[in-house]
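A.B. asks: Here it is, the structure in full.
The values are calculated or read from the model by the stated rules, or taken from the named source; none is laboratory data. Given the structure is predicted, the values throughout are model-derived calculations rather than measurements. Cβ placement follows ideal geometry from the backbone for every residue including glycine, while neighbour counts extend to all protein chains displayed.
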Amino acid sequence: MIKNTDNHKYFTISSLSGDETDLSSYMRAINHFPMLDAEEELQLAKKWQEKHDEEAAHKLLQSHMRLVTKIASCYRGYGLCLYDLISEGHIGMMRAIRKFDPERGFRFSTYASYWIQAAIKDYIMNTWSLVKIGRGADQKKLFFGLRRMKRKYAGLETHLSEASIDKIAAEMQVNRAQVIYMDQRLTIQDYSLNAARSEEDEGEWQDWLPDVADPHDVQIARHQELRKRQALISEAMKTLSSREVEVLKCRRLKDPPETLEQISSRMTISRERVRQIEVKAFHKLQREVQKKAKKMKLS
């Protein structure tokens, strides 16, 4: 939210609906904010840094709103709404003012430009495609530099030639596979799986996706088998003593399992005794499960 000094009202970029008239109105509004010379900028920055003077911060931000719009306009080629890019740029500028140190001798515009661009680039990479793009340094460099490299080496070529790929990879210091992958991502658009395959065909693209799940009869059989095994184990557990059940649950059924030391301290027996109970209980349980399973088959 930015205060307009002409009419003493608050003006927000989010209030714009998105047409050229609104953009013109916004540009006229921010042009009313005066540019600051180095001394005025230094004094305002010090007031904000030392006293957290919000009025000083407002004046400093207002004087650089044209910078945000200028930088945001450079990224219109990615097909995103300019108003959203400007809004993200303002967020970057507000982050910049929190970290700006006027004593280092740099102008605020120089320092803020980095934060404005970073905020806009992050927004573009997060919203440009439904399929997220890697956020590593190489991916960012390729995403924002590949178009320029293609104009430089490929000219009007629709597809990159092997020679162009090699040149771009060498200049951007990435491997060929990364160049090919990013070129495909930038060239191919996202398509909805709910879109119709054609005007004549009423079906959707998702109708042609293979179902990788098991057939229903296999799923039902697997579920029934699991229930049988759970019932066998439950019946077999009844043959164990309470101490054997406790040790077996703590050692074999817990995730992560308890250590011998933890169980021995709680049950006031040695670790070796706990290990012996565990082994004995497991073999006893195994025999009972096998015995009951044979009876079920015979019946």
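A.B. asks: Could you identify the single residue in Gln189, Gln206, Gln184 that is under 30 Å from Asp84 (Cα atoms) and either of a type in the set (Lys, Arg) or not in a loop (DSSP other than H, G, I, E, B) (or both)? Spell out the reasoning first.
C.D. replies: Numbers: Gln189 fails: either of a type in the set (Lys, Arg) or not in a loop (DSSP other than H, G, I, E, B) (or both); Gln206 fails: under 30 Å from Asp84 (Cα atoms).
Among Gln189, Gln206, Gln184, only Gln184 is under 30 Å from Asp84 (Cα atoms) and either of a type in the set (Lys, Arg) or not in a loop (DSSP other than H, G, I, E, B) (or both).
A.B. asks: Is it the case that some residue within region 170-189 is surrounded by fewer than 10 Cβ atoms within 10 Å (Cβ to Cβ) and among the charged types (D, E, K, R)?
C.D. replies: Looking through region 170-189, none of the residues is surrounded by fewer than 10 Cβ atoms within 10 Å (Cβ to Cβ) and among the charged types (D, E, K, R).
A.B. asks: Going by the conditions given, is Ser87 outside any helix (DSSP H, G or I) and touching a residue at least 40 places away in the same chain (Cβ under 8 Å)?
C.D. replies: Values: outside any helix (DSSP H, G or I): no; touching a residue at least 40 places away in the same chain (Cβ under 8 Å): yes.
Judged against the criteria, Ser87 is not a match.
A.B. asks: Moving on to the next point. Anything in region 207-262 that is acidic (Asp, Glu), within 20 Å of Gln286 (Cβ to Cβ) and free of Cβ contacts under 8 Å to residues at least 24 places away in the same chain? List them, or say none.
C.D. replies: Within region 207-262, the first condition is being acidic (Asp, Glu), and the residues that meet it are 207, 211, 214, 217, 225, 235, 244, 246, 255, 258, 261.
The next check asks that each one be within 20 Å of Gln286 (Cβ to Cβ); those that pass are 225, 235, 244, 246.
Scanning region 207-262 gives Glu225, Glu246.
A.B. asks: Would you mind telling me which numbered condition in (1) more than 16 Å from the chain's Cα centre (by Cα); (2) free of Cβ contacts under 8 Å to residues at least 40 places away in the same chain Asp122 fails?
C.D. replies: The failed condition is (1).
A.B. asks: Another question, then. Got a number for residues in region 236-294 being hydrophobic (A, V, I, L, M, F, W, C) and not in a helix (DSSP H, G or I)? It would help to see each step written out before you state the result.
C.D. replies: Let us first name the residues in region 236-294 that are hydrophobic (A, V, I, L, M, F, W, C), namely 236-237, 240, 245, 247-248, 250, 253, 260, 263, 267, 269, 274, 277, 279, 281-282, 285, 289, 293.
Going one step further and asking which of them are not in a helix (DSSP H, G or I), we end up with 240, 269.
Summing the residues that are hydrophobic (A, V, I, L, M, F, W, C) and not in a helix (DSSP H, G or I) in region 236-294 gives 2.
A.B. asks: May I ask you to list the residues in region 5-53 that are of a type outside the set (Phe, Trp, Tyr), under 36 Å from the mean Cα position of the chain (by Cα), at pLDDT below 60 and within 20 Å of Met94 (Cβ to Cβ)?
C.D. replies: Across region 5-53, the qualifying residues are Thr12, Ile13, Ser14, Ser15, Leu16.
A.B. asks: Among the residues of region 93-127, which ones are farther than 19 Å from Lys141 by Cβ and small (Gly, Ala, Ser)?
C.D. replies: Ala96, Gly105, Ser109, Ala112
A.B. asks: For the structure I just gave you, tell me whether Ala56 is part of a helix (DSSP H, G or I), out of contact with any Cys (no Cβ under 6 Å at 6 or more places or on another chain) and either within 22 Å of Ala96 (Cα to Cα) or at pLDDT below 60 (or both).
C.D. replies: Values: part of a helix (DSSP H, G or I): yes; out of contact with any Cys (no Cβ under 6 Å at 6 or more places or on another chain): yes; either within 22 Å of Ala96 (Cα to Cα) or at pLDDT below 60 (or both): yes.
For Ala56, the condition - part of a helix (DSSP H, G or I), out of contact with any Cys (no Cβ under 6 Å at 6 or more places or on another chain) and either within 22 Å of Ala96 (Cα to Cα) or at pLDDT below 60 (or both) - is met.
Residues checked against (1) among the charged types (D, E, K, R); (2) crowded, with 17+ Cβ neighbours inside 10 Å:
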{"site": "Leu80", "(1), (2)": "no, yes"}
{"site": "Tyr83", "(1), (2)": "no, yes"}
{"site": "Met94", "(1), (2)": "no, no"}
{"site": "Ile97", "(1), (2)": "no, yes"}
{"site": "Asp101", "(1), (2)": "yes, no"}
{"site": "Ala119", "(1), (2)": "no, yes"}
{"site": "Ala154", "(1), (2)": "no, yes"}
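A.B. asks: Name the one entry in Arg76, Arg95, Arg107 that is more than 19 Å from the chain's Cα centre (by Cα), more than 26 Å from Arg28 (Cβ to Cβ) and not aromatic (Phe, Trp, Tyr). It would help to see each step written out before you state the result.
C.D. replies: Numbers: Arg76 fails: more than 26 Å from Arg28 (Cβ to Cβ); Arg107 fails: more than 26 Å from Arg28 (Cβ to Cβ).
Matching residue, one of Arg76, Arg95, Arg107: Arg95.
A.B. asks: So, one more: Quick one: what pairs do we get from region 28-40, first residue in contact (Cβ under 8 Å) with a residue 40 or more places away in the chain, second surrounded by 10 or more Cβ atoms within 10 Å (Cβ to Cβ) and among the β-branched types (Val, Ile, Thr), C-beta under 6 Å, 6+ apart or different chains?
C.D. replies: Listed pairs, sorted by first residue: none to list.
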